[in-house]
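Worksheet: the structure to be examined is printed underneath.
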Amino acid sequence: MNDITEDNQEKASLLERGLGELKELIVTIAVFLPVWFFVSLFFYELRSIPSESMVPNLQVGDRVAVSKFAYGYSRYSLPLGVGRFLPLGEGRMFAGEPERGDVIVFRHPHQDRVMIKRLIGLPGDRIQIFDNLILLNGEPMRQEPVRRVSYHEHRYGQLLNADELMETTPEGVSYLVHDIVEGTSEDREPRAETPLFVVPEGHYFFMGDNRDNSTDARALTGHCPQNSEGVIDRAGCPPARRYRQEASIGFVPFDHLIGRADTVLFTLNFCSRYESGCPEGRVWKSL
C-alpha cells in the first residue's frame, strides 16, 4: 500500500514539474515574441539565402542581417509579411532613398515571395543589357576580370565555370558578379540584348549578381508591354495570363522595399561545392 502511494506521489511530482516547465516556456515565449517583433520591425531582420541568384556575394545558406530603418517603413516592413493583410495603405514613413549598388530585400510585386537583389537602376535611368554588360544612361558600367571559378550548382549539382568580374557603378561602388561560361570566353555565343528600360518615378530596377542564374528585372514577363518605340517605361500592369504564375519582378515600387542587406552574420554553407577555392569568409561579412 505504501509503495502505491509513493508511486502516485512520484507521478504527481513529475506532472507538477512538467506543468511548471511548460508554464516557464509559455512565459518565455510571451516575453520573447514582442521583443523579437519589435526588433524585426524597427531595427534588423534575419533572412536566409535560398538560391544562387546573388553568388558570389551571397551563398545558399548565408544568414543576412537586413536593416529595416535604412529606407523607412511601409506595410511590407512588418515581420512575416503580415502587413499584406492589414489595411495600412501605401507609402513609407521616415523614408530614406536607396543608393545604386545596395543589396536590398523586397516584396515581389507579382508573387507572394520575398526577393533579394542588387539595385542597378534608379528612377529616370535608361538601362539596356547586352551580353551581361549594363549600359546605364548610354554608358557601359565598368567591369574588370578577377578570376575564373568552378563550382557545383546547389540545386542540381551541375559543374559550372564562371568568369568573376569586378563591376563598378558610376558612383564608385564596386562588387563581384558572375558571368557563367560553357567553355572558354572565346568560344561562347554572345547573348541577346534587352529592350531599353526607362525606370518610372517611384520604382527601381534590380538584378542578381549571378547574372546567368537570376530571374530579375531583365525578364519581360513582369513588365508592361513595350511602347511604339520598343521602350519599356511603365509599371503597374498585371502580368499576362500565361505568365501569372512565373512573372518576373519588373520594376519594383518604392513601398515594396523591406530593407537593406548589410551583413552576412553567419552561414551554413561550407564551400564543399567549390573546385577553385572557397569564397571569402562568411562570418560577419559586410555587403
The range 143-155 - phi-based ³J(HN,Hα) in whole Hz, Karplus 6.51/-1.76/1.60, Gly and Pro as x: 10, 10, x, 10, 6, 9, 10, 10, 7, 8, 4, 5, 6
Would you kindly derive the ³J(HN,Hα) couplings of the range 195-200 from the backbone phi angles with the Karplus curve 6.51 cos²θ - 1.76 cosθ + 1.60 (θ = phi - 60°), listing them in order in whole Hz, with x for Gly and Pro? x, 7, 9, 10, 6, x
Placing +1 at every Lys and Arg Cβ and -1 at every Asp and Glu Cβ, with all other atoms neutral, what dipole size does the range 92-157 have around its Cα centre, in debye to the nearest 20? 200 debye
Determine, for each peptide in 53-64, 154-165, 209-220, the mean count of other beta carbons within 10 angstrom over its residues, then list the peptides with the highest first. 53-64, 209-220, 154-165
Ordering of 140-153, 239-252, 113-126 by burial proxy (mean other Cβ atoms within 10 Å per residue, highest first): 113-126, 239-252, 140-153
State the Cα centre-to-centre distance between the range 224-269 and the range 140-154 in whole Å. 24 Å
Using the Cα gyration tensor of the range 104-184, with a ≥ b ≥ c the square roots of its eigenvalues, what is the shape: rounded (a/c below 1.5), prolate (a/b larger than b/c) or oblate (neither)? oblate
Could you sort 258-268, 227-237 so that the peptide with the highest average Cβ count within 10 Å comes first and the rest follow in order? 258-268, 227-237
Dipole of the range 212-259, Cα-centred, from +1 at each Lys and Arg C-beta and -1 at each Asp and Glu C-beta, to the nearest 20 debye? 260 debye
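Every read-out reported here was derived from the displayed coordinates using simple, explicitly stated rules and does not represent laboratory data. The shown structure was predicted, so the numbers you read here are calculated from the model rather than taken from an experiment. Using ideal geometry, Cβ is built from the backbone for each residue, glycine included, and neighbour counts are taken over all protein chains shown.
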